[in-house]
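Some notes on the structure that comes next.
Please treat every number below as a calculation from the coordinates, not as lab data. Only a predicted model underlies this, so the values are computations on that prediction, with no experimental measurement involved. Please note: Cβ atoms are built from the backbone with ideal geometry, for glycine as well, and neighbour counts cover all protein chains shown.
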Amino acid sequence: MDNSNLFLDSKAVAAILMVSKRTLQNYRSEGKLVFYKISPKTIRYRVEDVVDFLKQSNCCSYQKDRVNALIEKYTVKL
């Protein structure tokens, strides 16, 4: 599956990473997670960037193992 043109919204990324929306906002502010601001209130994340973030993080292996299933569940095509 080509992840380069697939995007996720904040709710989906928060569910995949198992963090709150506020933590996700902190990741954006700190430059830890790449995001795209579509409009003043619309933020999207490329699937590829979320996967890379997960690979670099210290999260549990269970979360890394199920990332593909979660991405398929939450993917938004633009």
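Tell me, what is the FRET efficiency for GLU30 and LYS73 to the nearest 0.05, using R0 = 30 angstrom and their Cβ-Cβ distance as r?
My answer for the efficiency is 0.65.
Starting with the highest mean, order 26-32, 12-18 by the number of other Cβ atoms within 10 Å, averaged over the residues of each peptide.
Details: 26-32: 12.3, 12-18: 19.3.
My ranking of the peptides, most packed first, is 12-18, 26-32.
Could you line up ARG46, ARG66 from fewest to most neighbouring Cβ atoms inside 10 Å?
So the residues, fewest neighbours to most, are ARG66, ARG46.
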